[in-house]
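Since the structure comes first, as structure tokens, the remarks are kept for the end.
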Amino acid sequence: MEDVICLAIETSCDETSMSLVKNGVEDLATVVFSQIDIHKAFGGVVPEIASRSHIESITYVLDELFRKTAVTLDDVDIIGVTYGPGLIGSLLIGVQVAKTISLITNKPLIPVHHIAGHIYANNLENRLKFPLIALVVSGGHTDLIYMKKDYSFERIGSTLDDAVGEAYDKVAKVLGLSYPGGPKIDDLSIKGEDTYNLPYPLDDDSYNFSFSGLKSAVLNTVNKEKQKHHEIRVADMCCSFQNRVVEILTKKTMRAISEYKVKNLIVAGGVSANNGLRHKFSILCKENKIKLSIPKTKYCTDNATMIGAAAYYAYKNNIIADLSLNAKAVDNLYNDEILQPK
Ligand code: KG4
Ligand code: ZN
């Protein structure tokens, strides 16, 4: 196949991002406009504000992208876009822009599942080796996925309630830390000790996860201490919470690796930036001779480069949409009609 340059668009949550990616592996140029500062005042993402902000910034992001490189729109071969899952209003902006560019340039429109994007962020550094287990941990997802080959996704476990990043952000809020709380808890946990007696989340034979019990335990402890006019040892609480999360994520993932007899693990999504998780996986994978791949920090949280990385393989698998493509808020386990080869 000749070189394929993808213009990729990601607007599923609170980042307006566009990227030019060559052959699914080479980041030619990327722009990420983060709305974090806009949402901080509200302690979390406000969907209506997010979609308005995407509208306001998306053409600037597009202009800025082409200013960064000698590549022109004529050089682009495919248009990749996150069609879901995510915030519907936010997704719609990216999908509409992708459809418009595809219509005026007559270039193929490639629908990309947001989680496929997170997984393929790993391809930007090292080619994925199959079969593999992928742990996708973000603000909206906690999934264990078995991949036999390129672009084949079998979800073997998922969260039954809160996503792990969501639990991080909610716990952070209760501890008075600003949004997004994940990185702050991560930083503080190094300075604290595991002194709070928090429950171990869903430790069963399944590959599913549950974080709402752990989150509630933190909330209850904080409330009880407040009633007694005791101070919360924030760093110790961060350390105790993070240890429980890391223990359960690594335990179930390593069991999946062993039961599915794979030698490759990839970790992806915003929470894969977590230092505690990266450290524990690096030790366990070394001990068990498993090849571990985690994206660079800038590719862990939402960005369009990962969407361009995945779009290339979707295109190779003949997954192409027409102009009836619509945004989808709900996660359909990678089994969407739209993801079936044409
Ligand atoms: O992948 P992402 O940018 O958006 C979604 O697809 O959800 O992930 C954002 C999530 C937020 O919940 C944020 O708190 C969390 O990733 N996060 C972290 C860290 N960095 C980002 N959580 C724990 N430790 C971190 N270092
Ligand atoms: Zn994401």
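The values are calculated or read from the model by the stated rules, or taken from the named source; none is laboratory data. Treat the numbers as computed from the prediction; the structure is a model and nothing was measured. Here the Cβ is made from the backbone with ideal geometry for all residues, glycine too, and neighbour counts use every protein chain on show. Quick note on the areas: whole protein, heavy atoms, side chains included, nothing else; ligands and nucleic acids left out. Shrake-Rupley method; radii C 1.70, N 1.55, O 1.52, S 1.80 Å.
What lysines does K228 reach when the alpha-carbon gap must be under 21 Å and sequence neighbours fewer than 8 apart in one chain are set aside?
K173, K215
How far apart, in nanometres, would the label points at D194 and K224 be if each is projected 7 angstrom from Cα along the Cα-to-Cβ direction?
Here the modelled spin labels are 2.0 nm apart.
Could you work out how much longer the chain between K251 and I104 gets when fully extended? Use 0.36 nm per residue separation minus the Cα distance between them, nm to one decimal. Show your work: numbers first, answer last.
Working: separation 147, 0.36 × 147 = 52.92 nm, distance 4.95 nm.
Separation in residues times 0.36 nm, less the Cα-Cα distance, equals 48.0 nm.
What helices does the chain hold that run 30 Å or longer along their axis, going by alpha-carbon atoms, with a Kyte-Doolittle average of -1.0 or more, using DSSP H for the helix calls? Walk me through the numbers before you get to the answer.
Working: long enough: 234-259 (38 Å, 0.13).
Helices passing the filter in the chain: 234-259.
Extending each Cα 7 Å along its Cβ direction at E125 and K298, get the distance between those two points in nm, one decimal.
1.3 nm
Excluding ligands, DNA and RNA, what is the solvent-accessible area per residue of the chain at a probe of 1.4 Å, expressed in Å²? Write down the numbers at each step before the final one.
Numbers: 14850 Å² over 342 residues.
Value for the chain: 43 Å² per residue.
If you restrict to DSSP beta bridges whose two residues both lie in segment 127-294, what percentage is antiparallel, to the nearest 5?
55 percent
Output the relative contact order of segment 127-294, whole-number percent, from Cα pairs under 8 angstrom with separation of 6+ residues. Before the final figure, lay out each step's value.
On the way: 306 pairs, mean separation 46.1, N = 168.
Relative contact order for segment 127-294 comes out at 27 percent.
Among the GluC sites (Glu not before Pro) in segment 138-234, which ones are in a DSSP loop with at most 15 other Cβ atoms within 10 Å of the Cβ? Mind listing them?
Values: sites: E154, E166, E193, E225, E231; in loops: E193, E231.
Hits after loop and neighbour filter: E193, E231.
Taking the Cα centre of the chain as the origin and placing charges on Cβ (Lys, Arg +1; Asp, Glu -1), which of T301, G43, F241 is farthest toward the positive end of the dipole?
About the Cα centre, the residue reaching furthest to the positive side is F241.
Out of all DSSP beta bridges with both ends in the chain, state the antiparallel percent to the nearest 5.
DSSP beta bridges in the chain are roughly 60 percent antiparallel.
Tell me the mean residue ellipticity at 222 nm calculated for the chain from its helices only (DSSP H runs of n ≥ 4, each -39500 (n - 2.57), averaged over every residue, nearest 500).
The per-residue figure over the chain is -13500 deg cm²/dmol.
Which residues among segment 156-177 fall inside the zone where the amide N is under 15 Å from a point 7 Å beyond the Cα of I232, along Cα→Cβ?
Answer for segment 156-177: 167-177.
With the cut-off at 24 Å, tell me which of the pairs K99/K298; K170/K191; K22/K107; K129/K252; K22/K252 have Cα atoms farther apart than that. Provide the component values of the computation, followed by the final result.
Details: K99/K298 27 Å; K170/K191 20 Å; K22/K107 15 Å; K129/K252 21 Å; K22/K252 35 Å.
The answer is K99/K298; K22/K252.
Starting from 0.36 nm per residue, how many nanometres of slack lie between I36 and R52 once their C-alpha separation is accounted for?
Values: separation 16, 0.36 × 16 = 5.76 nm, distance 1.39 nm.
Gain on extension, I36 to R52, equals 4.4 nm.
Quick one: Karplus J couplings for segment 140-147, per residue in order, coefficients 6.51, -1.76, 1.60, θ = phi - 60°, nearest Hz, x for Gly and Pro?
3J(HN,Hα) across segment 140-147, in whole Hz: x, 9, 9, 10, 10, 10, 9, 10.
Near the amide H of Y196, under 5 Å away, which other amide H atoms are found, from residues 5 or more places off or on another chain, if H is placed in the peptide plane?
Correct list: S240.
State, to one decimal in nm, how far the label point of K261 lies from the label point of L160, with both points 7 Å from Cα in the Cβ direction.
3.0 nm
Beyond 25 Å, what share of the Cα-Cα pairs of the chain is found? Please give it as a whole percent. Walk me through the numbers on the way to the answer.
Details: 29709 of 58311 pairs.
Of all Cα-Cα distances in the chain, 51 percent exceed 25 Å.
Fully extended, how many nm does the chain gain between A70 and V174 (0.36 nm per residue separation, minus their Cα-Cα distance)? All intermediate terms of the calculation are to be shown ahead of the outcome.
On the way: separation 104, 0.36 × 104 = 37.44 nm, distance 4.71 nm.
Stretched fully, the A70-V174 segment lengthens by 32.7 nm.
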